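Asker: To start, I am sharing the structure in question, which I have written as structure tokens.
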């Protein structure tokens, strides 16, 4: 079947950016993966037909002062060595305010003119390019529920940078030729619609994508954001499609593979609850019942969702990478889809 492509969001100009239905995620490069391994992954996906690469200024993850920006540097050295900038659609992200990452811009990472401009210029230098195809706001500047927080807590005060102000900065950077399109990430339905409204009423850049988590253990995107994605053509770039690898089944029954991310980093506990284990056990059994690789089944389900522009895969080994890429050629039959929906009814969103 080969790699399919789609247009990145709604594009009223008629010059839409074509991206592969699989996007290569990069957050392990510079920590779990070396620069040479990063280059090998980039070569492999390009040969497979993937043209979409996603990164962020704060990568690799887990973020540390000693490795800040290393992932972008790995990509930049590859672009320079291969001289193929025109062959890839390059996406990166600017951090928002954080209580933890105080080593970035002296702890001031609000989404204002000074910080967005400084972040983009530094990313461009590390990436060794003079523009990015998609620039994303990594998480909201305001206090709201993202990164697995379910309940919305009314803030005592709102000192966040207004969305309109952030959009105006991005508009200036688009005009300067440093950004082709903008996107949002870890956003709520209210935030997504506010971005759309301001773009329309203030003649500001329209977001073409939203990068939020979506996988068999977390389908909360379907509740409010899927309709926005459809009606506003705000395509989902689905991250954590394998729920930190748990949907492969490799961590079941207390298993701790030596190089597994959840083995190495205790902080990644989002997909490790008891109810998650029950759901994963059933998804893995369903895949095996139909002679499917569990991870490929989980990815193939995402590829079939109409609101997804691209699924962001990540891998630490070439074998994992190839398996994830091959999932694009897997079409799930009605019995498998019905089985997935039945498990979802029993264990709805155990890891939001």
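The values are calculated or read from the model by the stated rules, or taken from the named source; none is laboratory data. The structure presented is a predicted model; accordingly, all values stated were derived computationally and were not measured. Methodologically, a virtual Cβ is constructed for each residue, glycine included, from the backbone with ideal geometry; neighbour enumeration extends over all protein chains shown.
Asker: So which residues in the stretch 266-291 are part of a loop (DSSP other than H, G, I, E, B), in contact with a helix residue (DSSP H, G or I) (Cβ under 7 Å, 6 or more places away or on another chain) and farther than 24 Å from residue 63 by Cβ?
Answerer: Passing the criteria: only 290.
Asker: Take the residues in the stretch 113-131 that are surrounded by 18 or more Cβ atoms within 10 Å (Cβ to Cβ) and in contact with a helix residue (DSSP H, G or I) (Cβ under 7 Å, 6 or more places away or on another chain), then tell me which one is farthest from residue 186 (Cα to Cα). Spell out the reasoning first.
Answerer: Going through the stretch 113-131, the residues surrounded by 18 or more Cβ atoms within 10 Å (Cβ to Cβ) turn out to be 115-116, 119-120, 123-124, 126-127, 129.
With the extra rule that they be in contact with a helix residue (DSSP H, G or I) (Cβ under 7 Å, 6 or more places away or on another chain), the set shrinks to 115-116, 120, 123, 126-127, 129.
Values: 115: 19, 116: 17, 120: 19, 123: 20, 126: 24, 127: 23, 129: 26 Å.
In this case the residue turns out to be 129.
Asker: Hey, residue 41 hits all of (1) farther than 18 Å from residue 323 by Cβ; (2) under 20 Å from the mean Cα position of the chain (by Cα); (3) modelled with pLDDT of 95 or more but one; which does it fall short on?
Answerer: (1) is the only condition that residue 41 fails.
Asker: Oh, and also: Out of the residues in the stretch 321-352 that are under 20 Å from residue 38 (Cβ atoms) and in contact with a strand residue (DSSP E or B) (Cβ under 9 Å, 6 or more places away or on another chain), which is surrounded by the fewest Cβ atoms within 10 Å (Cβ to Cβ)? Spell out the reasoning first.
Answerer: From the stretch 321-352, those under 20 Å from residue 38 (Cβ atoms) are 321-325; that's our starting set.
Still in the list and also in contact with a strand residue (DSSP E or B) (Cβ under 9 Å, 6 or more places away or on another chain): 321, 324-325.
Working: 321: 20, 324: 24, 325: 23.
Per the criteria, the residue is 321.
Asker: Based on this model, can you work out whether residue 298 counts as in contact with a helix residue (DSSP H, G or I) (Cβ under 7 Å, 6 or more places away or on another chain) and modelled with pLDDT of 95 or more?
Answerer: Working: in contact with a helix residue (DSSP H, G or I) (Cβ under 7 Å, 6 or more places away or on another chain): yes; modelled with pLDDT of 95 or more: yes.
The answer is yes for residue 298.
Asker: Taking the stretch 246-265 as the region of interest, how many residues are in a loop (DSSP other than H, G, I, E, B) and buried (at least 22 other Cβ atoms within 10 Å of the Cβ)?
Answerer: Count: 1.
Asker: Being over 22 Å from residue 262 (Cα atoms) and assigned to a loop (DSSP other than H, G, I, E, B) is the filter here; which residues of the stretch 310-334 pass it?
Answerer: 330, 331, 332, 333
Asker: Find the residue count for the stretch 235-245, including only residues that are in contact with a helix residue (DSSP H, G or I) (Cβ under 6 Å, 6 or more places away or on another chain), within 20 Å of residue 136 (Cβ to Cβ) and part of a loop (DSSP other than H, G, I, E, B).
Answerer: The number of residues fulfilling the criteria is 1.
Asker: Of the residues that make up the stretch 216-226, is at least one over 18 Å from residue 20 (Cα atoms) and within 12 Å of the chain's Cα centre (by Cα)?
Answerer: Checked the stretch 216-226: no residue is over 18 Å from residue 20 (Cα atoms) and within 12 Å of the chain's Cα centre (by Cα).
Asker: Please name all residue pairs, on different chains or six or more residues apart, with Cβ atoms under 9 Å, provided the first residue is in the stretch 180-206 and is at positive phi and the second residue is surrounded by fewer than 19 Cβ atoms within 10 Å (Cβ to Cβ) and in a helix (DSSP H, G or I).
Answerer: Once the first residue is at positive phi and sits in the stretch 180-206, its partners that are surrounded by fewer than 19 Cβ atoms within 10 Å (Cβ to Cβ) and in a helix (DSSP H, G or I) give 203/171.
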